[in-house]
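Colleague: I am attaching a structure below and will ask some questions about it afterwards.
Read the figures in this text as sums done on the coordinates, not as results from a lab. The shown structure was predicted, so the numbers you read here are calculated from the model rather than taken from an experiment. With ideal geometry, Cβ positions are generated from the backbone for all residues, glycine too; neighbour counts draw on all protein chains shown.
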Amino acid sequence: MVRHPQPRVTGRSAGSRRLTDWWRASLPAPPEALRRGPLRPDGFPSRARSSRLTSQLGVALGVTFAVCFLTGLLSHLALDPPGWFGWPARPVGLYRFTQGLHVATGLATVPLLGAKLWSVYPHLFRWPPVRSIAHAVERASVAVLVAAALFQVVGGVLNISRWYAPMPYFFTAGHYWVAWLAVGALLAHVGVQLPAVRAALTRPTDEPPADRLSRRGLLGGVAAAAGLVTLTTVGQTVRPLSGLAVLAPRRPDVGPQGLPVNRTAQRAGVAALALDPAYRLVVTGPAGQVALDLAALHGLEQHTARLPIACVEGWSATGRWSGVPLRDLVALVGGDPERATVVVESLEAAGRYRTSTVGPAHVRDPLTLVALRLGGEPLHLDHGYPARLIAPNRPGVLQTKWLGRITVRETP
Ligand code: HEM
Ligand SMILES: Nc1nc2c(c(=O)[nH]1)N[C@H]1C(S)=C(S)[C@@H](COP(=O)(O)O)O[C@H]1N2
Ligand SMILES: [Mo]
């Protein structure tokens, strides 16, 4: 015997009831061929299904989606801050936290979403499929919500696994716009279902004790699965747990100089230029231009900062970086270190990450370095030798490697 939330029939107008009756009478029953095997409301019978279970899973998903949406929005703003938004340079590890939370919460969503879809499975076979225009709109919004949720979670997991091939769209743009779609559909869904959820969660349960146990067992299993996913992946950003990170795409301690590499010099095609003895870092500002060779760069006053690389893909790792504060280079070419905006460019010929803009909050910060050393040694070629940008509280994609050119601009 399968129990699942019955359509609520209270509060419907006579008109809508007449429409439903007409609809039901004129609609042929679904062909038998479409109601075999798993394609039946009782295809996966379970006593654990109930409106209480569906509501409890819904609340958990509401929380994880809200966390993903807000942290995702922050990441979007930090990557390309619009005029009205200032992304600060402190606290140093803020982006590391928000983006680590985004990916960890997204991954914990996987078992929750699976269980939720399973819990509403019998609804797919309701007949007639829609009862009124309002009901049709509501079901359409649920279809959008399910599609958008699957799109976000599957796309996110593919992205952090760096398996881009199944995504024929630019991940960030698709993920960003579908996030709005998902949240819009979620709000509509919550608006419609809130009374039913409250009723299911507050009324004393009429489940027989055996059903209550199986529902609780299922919830416990889902919670354990979400916990296990978190525990085996969060080590990609929480260093003490890195040993457990067996399902994480990255470990924060594996790579040259004990730090992961996002893109190697080989793949970026910069090895020859980066190793060329004729290398110069060209710095341009209001007072003119200087071309600094390695000896000149090492001759400037050196500073050291412990700062994380916090990749948008959710892994992060701390390094001890040494080099020249960016503000000193700004001053060297006549810029105002308190107000300037700086554009840095890589030796890389093309690619999305060859250049980035450093806003005034980060230029001003004495921890923002043109780093020449990592952990006391010259930078490894794959970490950006001969020079890279490293700044506090900055998404990894903006920590430009293999710097070739720095241009000081007046802040608009
Ligand atoms: C398994 C689940 C998820 C994973 C692994 C994941 C992963 C990611 C990653 C790696 C990024 C950075 C993209 C980049 O800048 O290159 C990102 C950004 C973002 N995510 Fe997710 N995500 C997941 C679920 C979600 C969900 C459920 C939502 C919203 C409801 C969401 C909303 C966003 C938004 C708005 C951004 C910012 C996109 C931008 O910069 O334009 N994510 N996510
Ligand atoms: N020129 C250049 N800089 C770059 C990249 C790149 O592809 N090209 N990748 C960025 C990304 S996505 C990250 S997470 C960090 C990683 O730095 P790491 O490889 O030293 O760990 O470098 C950033 N700097
Ligand atoms: Mo990254």
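Colleague: Write out the trypsin sites (Lys or Arg not before Pro) in the stretch 345-412 meeting two conditions: DSSP loop, and at most 11 other Cβ atoms within 10 Å of their Cβ.
Modeller: 352
Colleague: On to the next question. Under a point-charge model restricted to the Cβ atoms of Lys and Arg (+1) and Asp and Glu (-1), what is the dipole moment magnitude of the chain relative to its Cα centre, in debye to the nearest 20?
Modeller: In total the dipole reaches around 1880 debye.
Colleague: Please compute the contact order of the chain in relative form: average sequence separation of alpha-carbon pairs under 8 Å and at least six residues apart, divided by the residue count, as a percent. Please list the in-between numbers first.
Modeller: Numbers: 647 pairs, mean separation 69.8, N = 412.
Contact order relative to length: 17 percent.
Colleague: Here's something else I'd like to know. Residue-wise, which Karplus ³J(HN,Hα) couplings in Hz belong to the stretch 201-212, taking 6.51 cos²θ - 1.76 cosθ + 1.60, θ = phi - 60°, and x for glycine or proline?
Modeller: 8, 9, 6, x, 6, 9, 6, x, x, 5, 5, 4
Colleague: Another one. Measuring from a point 7 Å past the Cα of residue 267 along Cα-to-C-beta, which residues in the stretch 335-369 have an amide N at less than 13 Å?
Modeller: Within reach of a label on residue 267: 352-353.
Colleague: Now for a different question. Calculate one ³J(HN,Hα) per residue across the stretch 81-90 by plugging θ = phi - 60° into the Karplus curve 6.51 cos²θ - 1.76 cosθ + 1.60, and present them in order as whole Hz with x for glycine and proline.
Modeller: Per residue, the Karplus-derived 3J(HN,Hα) values read x, x, x, 7, 10, x, 8, x, 8, 10 Hz.
Colleague: Can I ask one more? Using θ = phi - 60° and the Karplus relation 6.51 cos²θ - 1.76 cosθ + 1.60, list the HN-Hα couplings for the stretch 290-295 in order, rounded to whole Hz, with x at every Gly or Pro.
Modeller: Result, ordered by residue: 10, 10, 9, 8, 4, 4 Hz.
Colleague: Turning to a different aspect of this structure: Report, by chain and number, residues whose modeled amide H sits under 5 Å from the one on residue 312, excluding near sequence neighbours (fewer than 5 apart, same chain).
Modeller: Amide H to amide H, under 5 Å and 5 or more residues apart or across chains, residue 312 pairs with 396, 397.
Colleague: Rounded to the nearest 500, what is the chain's calculated 222 nm mean residue ellipticity when only DSSP H runs of at least 4 contribute -39500 (n - 2.57) each, over all residues? Mind dumping the intermediate values first?
Modeller: On the way: 11 runs with 178 residues, N = 412.
Helix contribution divided over all residues of the chain: -14500 deg cm²/dmol.
Colleague: Anyone know which of 275, 307, 79 comes out most mobile in the 10 Å Cα GNM of the chain?
Modeller: Among 275, 307, 79, the largest GNM mean-square fluctuation belongs to 275.
Colleague: Among 330, 315, 291, which residue has its Cα furthest toward the positive end of the charge dipole of the chain, with +1 on Lys/Arg Cβ and -1 on Asp/Glu Cβ?
Modeller: 315
Colleague: Points 7 angstrom from Cα along the Cβ direction at residue 331 and residue 140: gap in nanometres?
Modeller: 6.3
Colleague: Whats the longest run of the chain with zero GluC sites (Glu not before Pro) that are DSSP loop and have at most 16 other Cβ atoms within 10 Å? It would help to have the intermediate numbers written out before the result.
Modeller: Details: sites that count: 301, 338, 410.
Free of exposed loop sites, the longest segment is 1-300.
Colleague: If a/c stays under 1.5 just call it rounded; otherwise compare a/b with b/c (prolate if a/b is bigger, oblate if not). Do that for the stretch 265-410, with a ≥ b ≥ c from the square roots of the Cα gyration tensor eigenvalues. Write out the running numbers ahead of the final one.
Modeller: Working: a/c = 1.34, a/b = 1.13, b/c = 1.18.
Since a/c stays below 1.5, the shape of the stretch 265-410 is classed as rounded.
Colleague: Let me ask another. Kindly rank 180-186, 48-54 from highest to lowest mean number of other beta carbons found within 10 Å of each residue.
Modeller: Most protected by this proxy first, the peptides run 48-54, 180-186.
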